[in-house]
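Let me begin by presenting the structure, written as structure tokens, before commenting on it.
Just so it is clear, none of the values below were taken in a lab; they were calculated from the coordinates. Nothing here was measured: the structure is a model prediction, and the numbers come from that model. Neighbour counts are summed over all protein chains in view; Cβ atoms, including those assigned to glycine, are modelled from backbone coordinates with ideal geometry.
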Amino acid sequence: MSSNAMVLAVEDLSVSFDGFKAVDGLNLYVEQNELRVVIGPNGAGKTTLLDLICGRTRASAGSIKFKDQELTRLPEHQRVRLGIGRKFQTPSIYEGLSVFENLEISYPRGRTVFGSLFFRRDAAVIERVREVAGLVGLGDRIADAAELLSHGQKQWLEIGMLLMQDPELLMLDEPVAGMSVSEREQTARLLTRISANRSVIVIEHDMEFVKRIAHRVTVLHQGKVIAEGSMAHVQADPKVIEVYLGH
Ligand code: ADP
Ligand code: MG
């Protein structure tokens, strides 16, 4: 992992809401094919950090470089096009559409060509939908309406919708909240598989889950990184125990 290229470099990043610094001079470096977990107490600035990276929130100061390209002034849709995918806490799937249709509409626009090439391109979309459905464990639910899926399966479908865009950086905010034990285990395996081909940033509170998936862990507190490293390293850090793990 250590010899891999840097995909994301966040430096001196800050954002203020009415004078309150939710993210305060933060640095974060994520490598290719790395699965990074961000932890920290409520209000630490975790979700705001993802908002800043995906462009939902504008930074007050600092730099966000994605593969050496500065993102801070780019609108959200351009960051998506560059290869940044973001899953929010509440799933945004189309309940009335099938699993197939949900994945199909997530295929990047502009890659489907109408006219003489239509049939061939259409076959490519179908193949990609099948591939992604299998990857997220919904291969046998492809024809079912999304509303028939369990809570965990709906989360996987949304991850699949993001994977249709083949992002190089995928960010997920508390993906296992509300999931059963077995769904959590399947999600851990899914995220591990996904990070073989892309970088992943996960915000999570479930420490057992974090232990299973994280390559490295970053601990946020009051908008700053207070510790970073292996799970064992951050778990043994007195500051981390005091502000987070001790509770
Ligand atoms: P976390 O995800 O770590 O729980 P958040 O990033 O959601 O924390 O929030 C960090 C801090 O910033 C909190 O104190 C929150 O109330 C504040 N905050 C987040 N977004 C906004 C906003 N749009 N306007 C004002 N305050 C905000
Ligand atoms: Mg949050």
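For the residues F100, F20, F66, a GNM of the chain with alpha-carbon springs under 10 Å puts the largest fluctuation on F20. Taking θ as phi - 60° and the Karplus parameters 6.51, -1.76 and 1.60, the scalar couplings of segment 239-245 work out to 5, 5, 4, 5, 8, 9, 6 Hz in sequence order, x denoting glycine and proline.
On the basis of the beta-carbon distance and an R0 of 25 Å, I241 and Y29 show a calculated FRET efficiency of 0.55. Over segment 139-242, all Cα pairs binned in 5 Å intervals from 0 give whole-percent P(r) values of 2, 10, 21, 21, 18, 14, 7, 4, 2, 1, 0, listed from short to long. Stokes-Einstein diffusion for the chain, with the hydrodynamic radius set to the Kirkwood value over Cα pairs and evaluated at 10 °C in a medium of 1.306 mPa s, equals 84 µm²/s.
Once each of the trypsin sites (Lys or Arg not before Pro) sitting in a DSSP loop with at most 15 other beta-carbon atoms within 10 Å is removed, the chain keeps 112-247 as its longest stretch. Structure note, pairs K87/K239; K211/K239; K46/K211; K21/K239; K67/K154: Cα-Cα distances above 22 angstrom occur for K87/K239; K67/K154.
Available extension along the chain between F17 and H77 is 19.3 nm, counting 0.36 nm per residue and deducting the alpha carbon span. The slack between H151 and V181, meaning 0.36 nm per residue of separation minus the straight C-alpha distance, is 9.6 nm.
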